Amino acid sequence: MLLHSDWYTSVCTMNEQSLLTLSDWQRAYLAGAQPRALLEARAQRLAAQAAAPDWIHRVSSAQLEQQIQALEARLAAASSRASLLNEAPLFGVPFAVKDNIDVEGMPTTAACPAYAYTAGRNAHAVQRLLSAGAVCLGKTNLDQFATGLVGARSPYGRPASCFDAERVSGGSSSGSAVVVARGEVAFSLGTDTAGSGRVPAGFNNLVGLKPTPGRVGTSGVVPACRSLDCVSIFALTLDDAATVLSVMEGPDPADAFSHFEPGPGTWPAKLRVGVPLAPALDEAGYGDAWDESLRLLRALGHEVVPLDFDPLHAVADLLYNGPWVAERHAVVQELLDSQPEALDPTVRQVIESARGQTATDAFRGQYRLREAQRELRSLWRKVDVLMVPTAPRHPRFAELDADPLRVNARLGHYTNFVNLLGWCALSLPAGFTPEGLPFGVSFIAPGGADVALARFGLNWQAAADAPRREGGGAGGRRASKR
């Protein structure tokens with residue numbers, strides 16, 4: 001487990017509020033803690049808190065009781081607690097699910113009340129987590145239909161960064177990031193099509209793990225762009241995120257885009273790391289934090305290779321300015337035609353642009369993407385992995401309100417191209433600005449290299465030892481301002 005600070009070590013005691021990571025929960029159960037006591041205390045603490053826009057739906061008492069009884073039955077049947085935790089690595093660990101992912105018996109809204117339905121079965125990824133013993137505490141807020149990187153396009157409210165209540169949480173997986181950063185759950189699920197599992201991680205000092213498209217099944221997920229969507233993971237440590245991925249990954253018979261290949265497990269000790277030739281950073285303090293990340297890479301013996309990112313940005317342009325926006329339209333066409341007022345105005349504006357796309361445009365876009373994919377394969381002969389700022393800036397709500405489309409688009413500068421190219425990515429904490437805002441970097445690798453990327457990230461993060469700021473739960477010293 002990665003220890004981020006003396007504060008982090010000091011809070012790892014047996015009381016419920018200090019159970020933050022998978023290791024904390026496992027130690028508690030190995031020491032004899034009962035799942036009912038810990039989970040009921042956690043649910044009661046969340047219920048006692050003031051209403052917040054981070055959650056859309058919390059687990060009912062009956063649903064929690066059903067999960068606890070299943071845990072108690074497994075515990076009674078186990079030969080030992082150690083063997084049970086080996087068999088079920090997420091036993092009794094609470095998690096949250098972005099509300100475009102189905103959980104049986106709970107509503108799925110995609111942050112649009114007019115679209116809501118009650119899920120009759122669990123999404124493939126959720127079922128794997130539950131089978132490993134995890135306990136779902138509810139569904140979290142998001143940019144409506146996962147269309148946005150700001151986390152503010154929802155009728156259920158606008159989550160804020162845990163480090164500054166005046167700044168966006170990042171999206172679209174806004175609530176999923178915030179509830180982990182606040183220490184309310186040990187991990188959460190998001191989705192990531194254009195950066196939705198990475199940008200919120202960067203803004204909340206979290207690990208955001210986005211697997212190779214197809215590595216985790218997406219059946220039971222309301223699509224944004226079905227051919228590109230990934231189920232992503234938010235956690236306080238990379239160890240935890242990697243453990244969760246190991247539980248979820250694998251073939252999904254109900255997902256036509258499921259494509260699991262194990263890939264390489266390790267890389268050489270010294271790598272060529274491609275970085276932007278001229279990084280676009282617009283937030284005070286981000287430049288110094290970026291320079292420190294470069295220094296750390298060199299100190300670890302890696303070669304830093306500056307690259308022209310224009311070919312990657314050209315690919316990214318296809319996502320919203322090309323025919324892929326029609327995939328979003330395919331999901332909500334009926335609702336958009338019958339109840340256009342049900343959609344957030346900015347989300348509606350984005351999706352309605354698909355009406356100007358034709359089948360011919362779709363094929364031309366596919367041709368451009370195939371050409372770019374072929375040309376960019378040569379990139380991996382020059383470098384082994386890419387490192388980029390997770391986001392170029394951290395906007396305030398006032399900036400977003402003044403220019404909602406442009407501010408949002410800016411946040412995808414280093415994320416939008418990844419899924420179109422079939423690559424995997426990992427956002428990691430990389431320090432703080434003098435103002436106290438977290439800065440994150442993302443490492444990007446070829447498709448299938450998820451395990452090697454995670455091991456590289458573990459080494460990098462151990463060296464970075466990015467401190468977590470005390471106060472307001474796990475999220476940081478500014479959380480109390482919310």
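The values are calculated or read from the model by the stated rules, or taken from the named source; none is laboratory data. None of the values given here were measured: they were computed from a predicted structure. Virtual Cβ from ideal backbone geometry, glycine too; neighbours counted across all protein chains shown.
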- Of the residues in region 64-91, those that are in contact with a Gly (Cβ under 6 Å, 6 or more places away or on another chain) and either modelled with pLDDT under 95 or not aliphatic (A, V, I, L, M) (or both) number 1
- Message: Scan region 73-87 and tell me whether some residue there is among the hydrophobic types (A, V, I, L, M, F, W, C), under 22 Å from the mean Cα position of the chain (by Cα) and in a loop (DSSP other than H, G, I, E, B).
- Response: no
- Number of the condition not met by residue 209 [criteria: (1) within 9 Å of the chain's Cα centre (by Cα); (2) closer than 20 Å to residue 110 by Cα]: (2)
- Query: Cβ-Cβ below 7 Å, separation at least six or inter-chain, first residue in region 77-88 and buried (at least 16 other Cβ atoms within 10 Å of the Cβ), second charged (D, E, K, R): which pairs?
  - Reply: 84/74; 88/74
- Task: Check residue 16 against each of (1) within 26 Å of residue 127 (Cα to Cα); (2) modelled with pLDDT of 95 or more and name the one condition it does not meet.
- Result: (2)
- Message: If I go through region 313-353 residue by residue, how many of them are of a type outside the set (Lys, Arg), part of a helix (DSSP H, G or I), touching a Pro at 6+ places or on another chain (Cβ under 9 Å) and crowded, with 19+ Cβ neighbours inside 10 Å?
- Response: 3
- Query: Any idea which of (1) over 30 Å from residue 165 (Cβ atoms); (2) out of contact with any helix residue (DSSP H, G or I) (no Cβ under 6 Å at 6 or more places or on another chain); (3) of a type outside the set (Lys, Arg) is the one residue 132 doesn't satisfy?
  - Reply: (2)
- Yes/no for residue 469 being under 23 Å from residue 291 (Cα atoms) and either surrounded by fewer than 19 Cβ atoms within 10 Å (Cβ to Cβ) or modelled with pLDDT under 95 (or both): yes
- Query: Which of the following residues is of a type in the set (Asp, Glu), buried (at least 19 other Cβ atoms within 10 Å of the Cβ) and more than 30 Å from residue 321 (Cβ to Cβ): 102, 143?
  - Reply: 102
- Task: Might you let me know whether region 268-284 holds any residue that is small (Gly, Ala, Ser), at pLDDT 95 or above and more than 25 Å from residue 211 (Cα to Cα)?
- Result: yes
- Item | Matching residues, region 409-436, being closer than 25 Å to residue 228 by Cα, polar (S, T, N, Q) and either surrounded by fewer than 23 Cβ atoms within 10 Å (Cβ to Cβ) or touching a helix residue (DSSP H, G or I) at 6+ places or on another chain (Cβ under 7 Å) (or both) | 415, 416, 427
- Query: If you check residue 62 against the conditions, is it under 29 Å from residue 156 (Cβ atoms), part of a loop (DSSP other than H, G, I, E, B) and without any contact (Cβ under 8 Å) to a residue 12 or more places away in the chain?
  - Reply: no
- Please work out if residue 114 is more than 28 Å from residue 439 (Cβ to Cβ) and among the hydrophobic types (A, V, I, L, M, F, W, C). yes
- Message: Please determine whether any residue of region 391-405 is assigned to a strand (DSSP E or B) and under 30 Å from residue 345 (Cβ atoms).
- Response: yes
- Note on the structure: residue 173 passes all but one of the listed conditions (1) free of Cβ contacts under 8 Å to residues at least 12 places away in the same chain; (2) within 29 Å of residue 456 (Cβ to Cβ); the exception is number (1)
- Query: Any idea which of (1) modelled with pLDDT of 95 or more; (2) touching a Phe, Trp or Tyr at 6+ places or on another chain (Cβ under 8 Å) is the one residue 318 doesn't satisfy?
  - Reply: (1)
- Please specify each residue of region 410-452 satisfying the condition of being assigned to a helix (DSSP H, G or I), within 18 Å of the chain's Cα centre (by Cα), within 21 Å of residue 305 (Cα to Cα) and among the aliphatic types (A, V, I, L, M). 418
- Query: Mind checking which residues of region 363-390 are surrounded by 15 or more Cβ atoms within 10 Å (Cβ to Cβ) and either touching a Phe, Trp or Tyr at 6+ places or on another chain (Cβ under 8 Å) or of a type in the set (Gly, Ala, Ser) (or both)?
  - Reply: 365, 372, 384, 385, 386, 387, 388, 389, 390
- Pairing a residue in region 288-299 that is at pLDDT 95 or above with any residue that is surrounded by 14 or more Cβ atoms within 10 Å (Cβ to Cβ) and in a helix (DSSP H, G or I), where Cβ atoms lie under 9 Å and the two sit 6 or more apart in sequence or on different chains, gives 292/464; 293/460; 293/464; 296/460; 296/464; 297/460
- Please go through region 112-127 and pick out each residue that is in contact with a strand residue (DSSP E or B) (Cβ under 7 Å, 6 or more places away or on another chain), touching a residue at least 60 places away in the same chain (Cβ under 8 Å) and not in a loop (DSSP other than H, G, I, E, B). 125, 126
- Message: Can you find, within region 41-59, the residue that is surrounded by the fewest Cβ atoms within 10 Å (Cβ to Cβ) among those that are among the aliphatic types (A, V, I, L, M) and assigned to a loop (DSSP other than H, G, I, E, B)?
- Response: 50
- Item | residue 277 being under 19 Å from the mean Cα position of the chain (by Cα) and in contact (Cβ under 8 Å) with a residue 12 or more places away in the chain | no
